[in-house]
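The structure appears below as structure tokens.
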Amino acid sequence: MNLPNKLTVFRIFLIPVFMLIVIFGGDASFKVAGSTVYWNLVIAAIVFAVASATDWFDGHLARSRNLVTNFGKFADPLADKMLTMTAFVMLISLKLAPAWIVAIIVCRELAVTGLRLILAENKGQVMAAEMPGKIKTTCQMLSIIFLLIGDIYHIGTVLLYLALIFTIYSGYDYFRSSWNIFKGSM
């Protein structure tokens, strides 16, 4: 197994670590700019940030060193979705994110994943991430981190709504550009 794939597996391994820290972390806290910050959530945010960084790093290594594998093509986006969806569900349980926003994000992720599968099966195409999708992912990951550390100055909330906008737009953009796959089958 090459290094980019090891980083992907490491990211998947960090998901239950993240969850356990959120669930069993305790309630020791401190105040920052009028917001209550819980130590376990700061640690969870650090674990999430490390896991998120491996997303960029494994992709960069795979492309720059010609280490792209079928496992990586499958596992890397799956690991990203598992990580962010888990974090969003945990944010709902902590009452740090509205369930309706998370539902839209999860539904979009599932729909685009389905579209990718259809394109791969019918046309042999791999749908690469476009810039709106990359902005969506960045906003999602940053919003999770800022919401976990107390949403100081509402930065996490602003990023969450930006993530929602880019989630909807990028989902629309992917389906608009691939709509021809559905012509004649409806």
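The values are calculated or read from the model by the stated rules, or taken from the named source; none is laboratory data. No experiment lies behind these values; they were computed from the predicted model shown. Cβ sites come from the backbone with ideal geometry, for glycine too, and all protein chains shown count toward neighbours.
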| Does the stretch 141-154 hold any residues that are crowded, with 16+ Cβ neighbours inside 10 Å and either more than 15 Å from L91 (Cα to Cα) or small (G, A, S) (or both), and which are they? | S143, G150
| said: List pairs: first residue in the stretch 94-114 and within 23 Å of F146 (Cβ to Cβ), second residue assigned to a helix (DSSP H, G or I) and of a type in the set (D, E, K, R) anywhere in the structure, Cβ distance under 7 angstrom, at least six positions apart or on different chains. | reply: E109/K81
| Filter result for the condition that a residue is over 30 Å from G34 (Cα atoms) and surrounded by 15 or more Cβ atoms within 10 Å (Cβ to Cβ), over S170, S177 | S170
| request: Quick one: A79 ticks every box in (1) within 20 Å of I12 (Cβ to Cβ); (2) aliphatic (A, V, I, L, M); (3) in contact with an Asp or Glu (Cβ under 8 Å, 6 or more places away or on another chain); (4) in a loop (DSSP other than H, G, I, E, B) except a single one, so which number is it? | output: (4)
| Is the stretch 10-25 home to any residue that is modelled with pLDDT of 95 or more, surrounded by fewer than 14 Cβ atoms within 10 Å (Cβ to Cβ), within 18 Å of the chain's Cα centre (by Cα) and not aliphatic (A, V, I, L, M)? | yes
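The rows are residues; the columns are (1) at pLDDT below 95; (2) under 26 Å from W179 (Cβ atoms); (3) in contact with a helix residue (DSSP H, G or I) (Cβ under 6 Å, 6 or more places away or on another chain); (4) of a type in the set (S, T, N, Q).
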| residue | (1), (2), (3), (4) |
| --- | --- |
| R63 | yes, no, no, no |
| F71 | yes, no, yes, no |
| L83 | no, no, yes, no |
| F88 | no, no, yes, no |
| A103 | no, yes, no, no |
| R116 | yes, yes, no, no |
| M127 | yes, yes, yes, no |
| L142 | no, no, yes, no |
| message | Given the condition of a type outside the set (K, R), buried (at least 17 other Cβ atoms within 10 Å of the Cβ), part of a helix (DSSP H, G or I) and touching a residue at least 60 places away in the same chain (Cβ under 8 Å), answer yes or no: does some residue in the stretch 116-127 qualify? | response | no
| said: Checking the condition outside any helix (DSSP H, G or I) and at pLDDT 95 or above, which residue from A97, A49 passes? | reply: A97
